[in-house]
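Working notes, beginning with the structure itself.
The values are calculated or read from the model by the stated rules, or taken from the named source; none is laboratory data. This one's a predicted model, so the numbers in the text were calculated from it and none came from an experiment. Glycine gets a Cβ as well: all are built from the backbone with ideal geometry, and neighbour counts include every protein chain shown. Note: areas computed on protein heavy atoms with side chains; ligands, DNA, RNA excluded. Shrake-Rupley method; radii C 1.70, N 1.55, O 1.52, S 1.80 Å.
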Amino acid sequence: MTILDSPPITAASKIFNFPRNAWYVAAWDHEVTAKQPLARTIAGVPLALWRNSDGRAVALADACWHRLAPLSKGTVLGDEIQCPYHGLRYNSAGRCTSMPAQETINPSAIVPSYPVVERYRYVWVWVGDPDLADPAAVPDMHQMDSPDWAGDGETIYAPCNYQLVLDNLMDLTHEEFVHSSSIGQDELSEAEFEVSHDDRHVTVTRWMRDIDAPPFWLKNMRDKFPGFSGKVDRWQIIHFEAPSTICIDVGVAKAGTGAPEGDRSQGVNGFVMNTITPETARTSHYFWAFMRNYRLESQTITTQLRQGVHGVFGEDEDMLAAQQRAIDANPDHEFYSLNIDAGGMWVRRILDRMLQAEGLPAAAAAK
Amino acid sequence: MAVNTQTWWQQGRVVETSDLAEGVRRVVLAPDRPVHAAPGTHVDLRLDLAGHVRKRSYSVVRSEDGGRRLTLGVQLAPSSRGGSRHMHGLAPGDVVEMTGPVQSFPLGVGADRYVLVAGGIGVTALVAMADALRRRGADYTLVLAGRRRAVMAYLGELVEVHGDRVRVFVDDEDVRLDVAELVGEIAGSPAAARTEMYMCGPIRLMDAIRRAWVSHELPEPNLRFETFGSSGAWAAEDFVVHLPQLDRSVRVGKDSSMLDALEDAGVDVMWDCRKGECGICQVKVLDVSGRIDHRDVFLSQQQKETYASLCLCVARAARGDSADADAAEPAAVTLHLP
Ligand code: FES
Ligand code: FES
Ligand SMILES: [Fe+2]
């Protein structure tokens, strides 16, 4: 528990603002290259992402100092990027290094450069106060590049406020209704859950004992235990880390073999890795991956899991887009909460405090 | 690194004034629409100087309380363009027209070492940078150079806060800044290529540093500087501009820039930055009587030496070192204004 130093706020803003002083994933590592700059807007800031000759990822504002032409349409030349319009060049710090039509360089010619960290197969950027950009604050997603885990993922371009995605992941009872053909089952809504938190993390834990495995999990059990049939104990442990990373420890084990007590050897375990980057108030980059800690050698299983989760998340994407449309079509209607929203509401409170600390309102400005 | 080049005008109330050093006044402003001013930012003020509205730039020494208190340090310069005299006359309660913080001298992140070089009143641009570097725990050196201790603003405070990281050079104590030694030491250090220098001061000092920097083949983008075109090789004096195509001659007072004087005389000239950086106001020189004090950072050294053109916003004509102060004839330039 944290001690309250300010009164709690009922934070049910529908278009939630986003903290600027935070690391957000801008891209998968392989998307940022020395060949062609990548244009992507992160937390409201349009960026040109590229790699210099050391292979280091660079994030510059995607607007030339001169007439604001997008640098992402320009050319990477070793350690510099050249504006596509009148040929000004910038180094990775955003400083102009060449003005082709004159003998000197205007000392004011600079484009903003943002701190970048590469970790867990992602390129993270910080668009807030650069003096606060501590690489140690990158959210923990270590399963992404650990030798004990294997898997892969994709990016969803979600046409909704990032908070709707966080809500979606913090409460998994929706699986019963949205994902009934793959991972949904009645026991999800019935099972008790527990919520704990500190000032950066929220954890929601749910165990379902002695149940039938839904199709997705039955297949995974049979990948590890060929021919398996019978009851399982199923878990979902949702780990949120501020501002927008959610790693969900999921799995099933043969019923009664001690998984709830810590022995998962008779089961299969995955981590659904999610990190949501606000693009604008109403659009998000949703990076996900499914990592597993069994049959690490099998590319077939990696591909099948990626495709399986792709299908499941496609169902979420449709729901989130429809929800955002309904929110926008009903501007006078409020959000109300159910008991299942406890995890999501703790997330809101943490974000609310981060926004307060930055002097930003909880509701994003209408755009 | 945030770069804000957007200018919008607002009112600022003077909330405090005091003396920082001989001839240096501290002015604290409370803007209408406060925005935190990052290290390296300046504000532009619109001043009514003898019936003419003039824009003057001042570095933000310190931004407190989310930009609700912005401290400026203003040197009363006899050769200034009149703005400093006005600023020294401000008292609490006075209201000025000002921009929000404008950033064209941002402090970078990630260098191995930072060297800040302040000449005279240039220290006002570097105080906030030094504070930021100290908070970051960065490796930095603060070089303070001045003519006399009594005129060096913030000297005592900076020495107290930054201790061993400060190096002080005072001309009249015969402890002079040796540019060759300073730059040579950087060039010889293992962090040479990853050292950034930020300088603000008289243009002669900055030119000398730039030449040393280039001759040591240090990376040019790592040398950062800011100038408001307000210092030159000679003190500002009155001079005359001849414009044969317009059949006019205009006198430029020592408190006025050539660009201001031409505009006041109704001559339509093009400009953008008004601080000697962009080169938009560049015109060809047809003739000079005396010397040209260029004061810009747009023309190359070679272009300056040939006297072929000048930047109207900052350049001046001067009688030069040998001038007899009482000589009746002012310096003059003849410009090509088609
Ligand atoms: S817009 Fe980039 S060089 Fe002109
Ligand atoms: S107006 Fe930019 S150099 Fe004179
Ligand atoms: Fe879902």
Mind grabbing the accessible area of A:Lys73 for me, 1.4 Å probe, Å², rounded to tens? 150 Å²
Rounded to whole Å, sorted largest first: equivalent-ellipsoid semi-axes of the range B:239-336, Cα gyration tensor: 19, 17, 12
Put A:Ile237, A:Ile81 in order of accessible area, largest first, 1.4 Å probe: what do you get? A:Ile237, A:Ile81
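Give me the inter-chain shielding for B:298-304: mean count of other chain Cβ atoms within 10 Å, whole number please. Working shown, then result.
Working: counts 7, 3, 3, 2, 1, 3, 0.
Per residue, the number of nearby Cβ atoms from other chains is 3 on average.
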Distant-in-sequence amide H partners of B:Ser309 (H built 1.01 Å from N, under 5 Å): B:Val285
In the range B:9-103 the accessible area split gives carbon plus sulfur, as whole percent at 1.4 Å, a share of 47 percent
27 Å Cα-Cα reach of B:Lys284 towards lysines, excluding residues that sit fewer than 8 places from it in its own chain: B:Lys55, B:Lys254, B:Lys275, B:Lys304
Just to compare against my own numbers: the Cα pair-distance distribution for chain B, 20 Å bins, whole % per bin, please. 30, 59, 11, 0
So, taking all protein chains as they sit and a 1.4 Å probe, how much accessible area belongs to B:Cys313, in Å² rounded to tens? 10 Å²
So, in Å, what gap is there between the alpha-carbon centers of the range B:193-211 and the range B:47-63? 25 Å
When the distances between all Cα atoms of chain A are binned every 20 Å from zero, what whole-number percent does each bin get? 27, 53, 19, 2
Show me you know the interface measure: the accessible area buried between B and A, both chains summed, probe 1.4 Å, in Å² to the nearest 100. 1800 Å²
For the range A:281-322 versus the range B:125-160, the gap between their alpha-carbon centres in whole angstrom: 53 Å
GNM on chain B, C-alpha springs below 10 Å: top fluctuator among B:Leu70, B:Leu246, B:Leu312? B:Leu246
To check my understanding: the extent here is largest minus smallest coordinate of the Cα atoms along each principal axis. What are those three numbers for the protein assembly as shown, in Å, largest first? 109, 52, 51
Expressed as a whole percent, how much of the Cα-Cα distance distribution for the range A:23-127 exceeds 22 Å? 23 percent
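Please give the average number of partner chain Cβ atoms lying within 10 Å of the Cβ of each residue in A:88-95, rounded to a whole number.
On the way: counts 0, 1, 1, 4, 2, 10, 5, 10.
Mean partner-chain Cβ count within 10 Å for A:88-95: 4.
Mind listing which chymotrypsin sites (Phe, Trp or Tyr not before Pro) in the range A:132-203 are in a DSSP loop and have 12 or fewer other Cβ atoms within 10 Å? All intermediate terms of the calculation are to be shown ahead of the outcome.
Values: sites: A:Trp149, A:Tyr157, A:Tyr162, A:Phe177, A:Phe193; in loops: A:Trp149.
When the chymotrypsin sites (Phe, Trp or Tyr not before Pro) of the range A:132-203 are filtered for loop state and at most 12 Cβ neighbours within 10 Å, nothing remains.
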Take each of the peptides B:219-227, A:99-107, average the number of other beta-carbon atoms within 10 Å over its residues, and list them starting from the highest. B:219-227, A:99-107
Between A:Tyr122 and residues 5 or more places away or on another chain, the pairs with built amide H atoms under 5 Å apart involve A:Asp29
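What number comes out for accessible area per residue over the protein assembly as shown if the probe is 1.4 Å? Units Å², please. Walk me through the intermediate numbers first.
Values: 30200 Å² over 705 residues.
The answer is 43 Å² per residue.
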Show me the ranking of peptides A:87-95, B:199-207, B:187-195 by mean Cβ neighbours inside 10 Å, starting with the highest. A:87-95, B:199-207, B:187-195
Per-residue mean of C-beta atoms belonging to partner chains within 10 Å, peptide A:108-119: 4
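Taking all protein chains as present, what is the carbon and sulfur share of the accessible area of the range B:169-292, in % to the nearest whole number, probe 1.4 Å? Don't skip to the answer; put the middle values down first.
On the way: 2920 of 5910 Å².
That fraction is 49 percent.
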Nonlocal amide H pairs with A:Ser284, under 5 Å, H built at 1.01 Å: A:Ala158, A:Cys160, A:Glu279
With +1 on each Lys and Arg Cβ and -1 on each Asp and Glu Cβ, how big is the dipole of the range A:182-251 about its Cα centre, in debye rounded to the nearest 20? 400 debye
Whole-Hz ³J(HN,Hα) from phi, Karplus 6.51 cos²θ - 1.76 cosθ + 1.60, for the range B:41-56, glycine and proline x: 7, 10, 10, 9, 10, 9, 10, 8, 10, 6, x, 10, 7, 10, 9, 10
Report, to the nearest whole %, how much of the accessible area of the range A:43-85 belongs to carbon and sulfur atoms, 1.4 Å probe, protein only. 50 percent
Checking buried surface per residue: for the range B:207-237, which residues lose a minimum of 20 Å² accessible area in the protein assembly relative to the chain alone (1.4 Å probe)? B:Pro221, B:Arg224, B:Phe225
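Give, in nm to one decimal, the length gained when the segment between B:Ser215 and B:Ser18 is fully stretched (0.36 nm per residue of separation minus the Cα-Cα distance). Intermediate values should be presented prior to the final figure.
Details: separation 197, 0.36 × 197 = 70.92 nm, distance 4.22 nm.
Fully extending the segment from B:Ser215 to B:Ser18 adds 66.7 nm.
At 18 angstrom or more along the helix axis (alpha-carbon based) and mean Kyte-Doolittle of 0.0 or higher, what helices does chain A contain? Whole DSSP H runs only. Before the final figure, lay out each step's value.
Working: long enough: A:299-329 (44 Å, -0.44); A:342-357 (23 Å, 0.09).
The qualifying helices are A:342-357.
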Lone Cys, chain A, Cβ cut-off 4.7 Å -> A:Cys96, A:Cys160, A:Cys247
